[in-house]
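The values are calculated or read from the model by the stated rules, or taken from the named source; none is laboratory data. What you are looking at is a predicted structure, and each value in this text was computed from that prediction instead of being measured. Reconstructed Cβ throughout: ideal geometry from the backbone, glycine too, with neighbour counts over all protein chains shown.
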Amino acid sequence: MGSTSGRKSGSSDRSMKRKRVTITARQSSHGASDKTHRKVKGTTAHRRPHPKEVTEAAKRRSHVMRDQRERRLRQQSLRMKLKVAAGLTLTAIVIGLAVALYRAPIFPVRQVDVIGTAHLTEQQVRTTAALPPNATLLRLPAVQIKERLEADPWIVSATVSRDFPDAVRIRIEERVPTALVDVGNGFWIVDEAAWAIAPQSADVTATLIVVRDVSDFEPVAGERSDSPSLRNALSVWAGLSEELQARTRVLLAPSIDKTALVTTDAIEIFVGPAEDMAKKDLVIRKILEEQAGKVVYINVRSVDRPTWRGIDTP
């Protein structure tokens, strides 16, 4: 068995030859610090900017933003001015063209058509319309023509229209004569609403009902009478049946309560206020039929208690 003392002895010799090194805490810290310093020296350091530098940078950014904002505002203002200028220019051009077209002798009026006449003639309407000489459809004073026409007592309303290329159309609505009011020295034509139309001679009394004894009638052509008795008499007339109208010769209207009609056979019929006219008309016609040849007086002012008198009635 071989001895191992030789190997042990060799190992012990090598161990003896190793140098023992002791590292203290200070030395360890110092070494780490050196490594750290060496590492920092090998990299770029991050320096915090100075407050003054920050303020100056902020000012520069503020100036840039303000300049940009002012530039945008100037551009917007310029665009707006250009739009306004363009609009004004276009408006001026349109107005200029319109004025030139208005003054140009185009679409001259060569014909005036009149529609709706009954009493008036077409020439009378044209004369009243009084179109200016050398009138054109573009320069036609339609409003003034309408006003002149409607000032005529015979005309209720008028419309004036252009009929291109060279005609003017006038359409009128005339007042319809309803009665002749006896004013003592003549007659006045009135319509159903008591509008005074015109004085009239007695030769046309056969075509219209005559109203007499109207003491408060003061006629003015083209104006509506405010006479209560006349208005009531016209309402009474409008409420009569065609049969009774055909038998009526004259209306008497000294007052509302004394409004009466006289028939063609001289029967006096007191009607009074123009109320319950359908019922009053029916009662009158019934009495005329039942008492034919005998009755000379009828009173239906109180339609529920009508009275009548005959030739032999005391």
**Message:** Out of Lys279, Lys258, I need the residue that is surrounded by fewer than 18 Cβ atoms within 10 Å (Cβ to Cβ), in the same structural domain as Ile298 (by TED's automatic domain parsing) and touching a Gly at 6+ places or on another chain (Cβ under 8 Å). Which one?
**Reply:** Lys258
**Request:** Only residues in the range 277-295 that are at negative phi count as the first member; pair them with residues that are at pLDDT below 95 and loosely packed, with under 14 Cβ neighbours inside 10 Å, Cβ under 7 angstrom, at least 6 apart or cross-chain, and list the lot.
**Result:** Gln291/Gly310; Lys294/Gly310; Lys294/Ile311; Val295/Gly310
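For every residue, the table says whether it meets (1) at pLDDT 85 or above; (2) over 27 Å from Val190 (Cβ atoms); (3) among the aliphatic types (A, V, I, L, M); (4) not assigned by TED's automatic domain parsing to the domain that holds Gly222.
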{"residue": "Leu73", "(1), (2), (3), (4)": "yes, yes, yes, yes"}
{"residue": "Ile95", "(1), (2), (3), (4)": "no, yes, yes, yes"}
{"residue": "Ala100", "(1), (2), (3), (4)": "no, yes, yes, yes"}
{"residue": "Thr121", "(1), (2), (3), (4)": "yes, no, no, yes"}
{"residue": "Pro133", "(1), (2), (3), (4)": "yes, yes, no, yes"}
{"residue": "Gln144", "(1), (2), (3), (4)": "yes, yes, no, yes"}
{"residue": "Ala151", "(1), (2), (3), (4)": "yes, no, yes, yes"}
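The rows are residues; the columns are (1) in contact with a Cys (Cβ under 6 Å, 6 or more places away or on another chain); (2) over 30 Å from Ile106 (Cα atoms); (3) buried (at least 16 other Cβ atoms within 10 Å of the Cβ); (4) among the hydroxyl-bearing types (Ser, Thr, Tyr).
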site: Val143; (1), (2), (3), (4): no, no, no, no
site: Ser161; (1), (2), (3), (4): no, no, no, yes
site: Val181; (1), (2), (3), (4): no, yes, yes, no
site: Gln200; (1), (2), (3), (4): no, yes, yes, no
site: Val211; (1), (2), (3), (4): no, yes, yes, no
site: Glu218; (1), (2), (3), (4): no, yes, no, no
site: Glu242; (1), (2), (3), (4): no, yes, no, no
